[in-house]
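Report on the following structure.
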Amino acid sequence: MRKILITGATGYIGSNLTKRLVDLGFDVHIIIRKRSKLDKLRDYLDRIQIFEYDYDLKKLTDYLKDNCFEVVFHLASFYVAEHLPEHIEQLIDSNIKFGTYILEAMRLSNTKKLINVGTSWQNYNNEIYNPVCLYAATKEAFEKILEYYVKVHDFTVITLILYDTYGPSDDRGKILSLLNRYSKTGANLLISPGEQLLNLTYIDDIIDGFIKAFEYIGNLQTSGHYKYTLSSSNFITLKELVNLFQKVSGRNINAIWGGREYRKREVFVPIKVYENLPGWQPKISLEEGIRLMLRLDGEDMDDKK
């Protein structure tokens, strides 16, 4: 049985990856903290191994030594689009410090393969380094640390760069979840003028990409840091997305366009700096994905056609 370790397994993408790997027969281990909530994995807790991280590098290293993981999936992060001063400690702790502890434990245990997650927000205005926000800056800072372990300690790393993701049971406050909630309540949704382009990929396609990355990294013969995207080739404005959601759901959204201003560094065109992961393309169209999301969230879309 193939043994892997996942950080961030209690988050939306991480929990979907964990469940898929368990269903595929992997020996899945996850790292959590004392405050981690395991609700998303409640039906899988008897099929995964859990390590509680307490900032003790020796314990973490010993755990990796004892288990000889084939690959580490590093999905743990703290996200906030526009930070407040009180967010700084958690951004640095979650996005830089914790990841560096993982890398050091990997070095000490001779665990050499990592699949990391990046964000398109690291590349504002299509520049190699121009972070949209402090969150994106911390993700970039961690990648610089990653480069040290690649160059000095011969790590093999794939960073998968994500754009917008969506799917059922999504509690992250993403745009499609907001549209779903406000379409049910009828409340006014204060929203930007809506001209920015979005690149949305359904969660099942994203998880397919992580599985493909696992296969791909296993075939790499040389160390290095390989960066690819998991993104759709189709773009849609926020206004078009609202119209599409109304069409698929059959419900109206009371959108107050211009009810809030664009962010200071709003991304209007999410340009791809890197190519898609070789051998991967999304299979689920946006319209089909919205329909799937609504159906799996307990709505009978056949009555709305």
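The values are calculated or read from the model by the stated rules, or taken from the named source; none is laboratory data. Everything quoted here is computed from the prediction, not taken from an experiment. Ideal geometry is used to build each Cβ from the backbone, glycine not excepted, and the neighbour counts take in all protein chains shown.
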Revision key, fill the gap. Listed by first then second residue, the pairs whose first member lies in the range 29-56 and is modelled with pLDDT under 95 and surrounded by 13 or more Cβ atoms within 10 Å (Cβ to Cβ), whose partner is of a type outside the set (F, W, Y) and outside any loop (DSSP other than H, G, I, E, B), with beta carbons under 8 Å and at least 6 positions apart or on separate chains, are R33/E52
Practice item. Assess whether G259 counts as being part of a loop (DSSP other than H, G, I, E, B), out of contact with any strand residue (DSSP E or B) (no Cβ under 9 Å at 6 or more places or on another chain) and not assigned by TED's automatic domain parsing to the domain that holds E70. Key: no
Point to revise | Residue in the range 183-204 that is surrounded by the most Cβ atoms within 10 Å (Cβ to Cβ), counting only those that are β-branched (V, I, T) and closer than 30 Å to K272 by Cα | key: T201
Exercise for review: Tally the residues that are in a loop (DSSP other than H, G, I, E, B) and among the β-branched types (V, I, T), restricting the search to the range 50-92.
Suggested key: 1
Review point. So which pairs qualify, if the first residue must be in the range 210-233 and on the phi > 0 side of the Ramachandran plot, the second must be polar (S, T, N, Q), the Cβ gap must be under 7 Å, and the two must be at least 6 apart or on different chains?
Key: G224/T156
Revision key, fill the gap. Among strands (runs of 3 or more DSSP E) entirely inside the range 153-196, those with 2 or more residues being closer than 29 Å to Y228 by Cβ and in contact (Cβ under 8 Å) with a residue 12 or more places away in the chain are 156-162, 164-166
Check your understanding: Within the range 106-114, is even one residue closer than 18 Å to D154 by Cβ and part of a strand (DSSP E or B)?
Key -> yes
Review point. Any idea which residue in the range 247-298 is surrounded by the most Cβ atoms within 10 Å (Cβ to Cβ), counting only those that are of a type in the set (V, I, T) and modelled with pLDDT of 95 or more?
Key: I290
Review point. So E240 clears everything in (1) over 25 Å from G8 (Cα atoms); (2) in a loop (DSSP other than H, G, I, E, B) except one condition, right? Which one?
Key: (2)
